Structure formats: C-alpha cells, structure tokens
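The values are calculated or read from the model by the stated rules, or taken from the named source; none is laboratory data. In this text, all values refer to a predicted model and were calculated from it rather than measured experimentally. No Cβ is skipped: glycine too gets one built from the backbone with ideal geometry, and neighbour counts run over all protein chains shown. For accessibility, only protein heavy atoms count, side chains too; no ligands or nucleic acids. Shrake-Rupley method; radii C 1.70, N 1.55, O 1.52, S 1.80 Å.
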Amino acid sequence: MRDPDPLQTPELAFLTALWDVWQALSERGEAELRGRHGLDLRSFIALAYVQGGTTQPAALARELGVPRYEVSRVLAALESLGAVTRGHGGPDARRVTVRVTPAGRALWEGALETVREVTGPALAALPPAARAGLPRSLSAVAQAARSPTPSQEMTP
C-alpha cells in the first residue's frame, strides 16, 4: 500500500490553512496597527488583556503564552506610549501591577477599530454560525496543543 501524499493530509491542510490566514491577516493588520497607532499585534493583544483585568505581568505571560521577559518588553513599549503604568503596591510591595491609562484606553479603542477593518471582511466570508464558533474552536485547538500528551506526561 502506498503512503498518502504528504501534501494531502488533513494535518497539513489544517496547518497550511492556519498559516495562510495568519500571513494574510497579520501582515496587513500589523502594518495598519503600526502605521496608525504605533502598536504591534502582540502589544495590541497585551493591552486588551490588561484593559480586561489582567494586571500582573506573570499572568499576562501565561495568557499570551510567551516568556516573562517578553512581556516585560511589551509592557515597556506600552509604557513608552503612555498606554499603561507599572507600579508596586498592595500588601506585597515586590509585586508589579499594570494599569491602563486613559490614553491607553483611547489607543486600544482606536486600534480595535483598525483590527475590525482588517479582519471584518475576511470573517464576513464565513456563515454567521461558523464565524461565531471560530474563536472558540481555535482556542480549543490551542489549549489541546499546549496540553501534554499521555506519552509526554510519563517522560522524565
């Protein structure tokens, strides 16, 4: 029996489609965010999380799936734009807390409009039910991909 054509496997079809979407949307989206708002895509997403209540850098690193040093760089860039402040406070003075500034809220709202302009036409190509379920489905795939498989759990 002949092995299936590697270019026709469901796994490659999934990864190729994911790659195509990422390339098509992120390139234009990143250019628009940088040109209009001085943000890269990671900073925009980080700003959304902080605005949504993720105020600890370690929690932000977990949400974004990046190392803490990378979050520190993103927060420094957002701080230089006047979008966030970082400070120490609360019962543990060593703990850094991140807050969105009024200028950061305005920046995020404008950037969100830009993202809607970039992604809206592409998402409009999907039927409403598929469009509504897509983020949930992709999040489930991401979560499953990050979870160790049974063989990885047993590996020392």
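Taking trypsin sites (Lys or Arg not before Pro) in DSSP loop conformation with at most 15 other Cβ atoms inside 10 Å as exposed sites, the chain has its longest uninterrupted site-free stretch at 3-93. When only Cα pairs below 8 angstrom with a gap of at least 6 residues are kept, region 31-74 shows a relative contact order of 29 percent. Structural size metrics of region 1-85, computed from C-alpha coordinates, are Rg and Dmax of 17.6, 63 Å. Taken over the alpha carbons of the chain as equal point scatterers, the Debye sum produces base-10 log I(q)/I(0) values at 0.15, 0.17, 0.18 Å⁻¹ of -0.98, -1.14, -1.21. Apolar share of the accessible surface for region 1-112: 57 percent from carbon plus sulfur atoms, 1.4 Å probe.
A prolate overall shape is assigned to region 69-118, the ratio a/c of its alpha-carbon gyration tensor axes (a ≥ b ≥ c) being 1.5 or greater and a/b exceeding b/c. Please say if region 1-50 is rounded, prolate or oblate, where rounded means a/c under 1.5 for a ≥ b ≥ c the square roots of the C-alpha gyration tensor eigenvalues, and otherwise the choice is prolate for a/b larger than b/c and oblate otherwise? Since a/c reaches 1.5 and a/b is larger than b/c, the shape of region 1-50 is classed as prolate.
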